[in-house]
Amino acid sequence: MAVVKKKLGAIPCPCCGHPVMVRENDAGTLTISCDGCDISAFAKKGTDAAAKWRKALPVTVPKEEFQKPAEEAPAATPPAQIAPPKAKAAGVFDFLGKGA
C-alpha cells in the first residue's frame with residue numbers, strides 16, 4: 001500500500017515556473033510533479049538538487065491555488081467553411097491528360 005508523502009511546501013517549477021508542491025517520502029527523497037508542463041522529478045536526500053529545492057521552499061502559495069477546479073473550455077466555435085480542394089495543375093509528366 002502506498003504511504004502518504006509529507007508535503008513540505010511549494011516551489012516554482014524548474015521547467016515552467018508554475019508553483020509545484022514538494023513532497024518528501026520516508027527515505028528523505030523529494031519529489032515534484034507539475035501540472036503546467038507535465039514534468040515530474042525527484043531529488044535524493046543529500047544531493048545538490050535536494051539542497052536547491054529545500055532552499056527554494058519558502059515560496060508560499062495559497063492552498064486554493066492547488067485545489068483550483070479545472071478551467072472550463074471556451075465556448076465551441078462553429079467550424080470554419082472549408083473550400084473544396086482546387087484542381088491540380090497539369091505537370092510536366094502529365095502527358096496522358098485528366099481522367100486517363
Taking the convex hull of Cα positions in the stretch 1-40, its mean projected area over all directions (nm²): 3.0 nm²
In nanometres, the difference between 0.36 nm per residue of separation and the alpha-carbon distance of CYS37 and LEU8 is 8.4 nm
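Since every read-out is calculated from the coordinates, none of them should be taken as a lab result. Small disclaimer: the values here were computed from a predicted structure and weren't measured.
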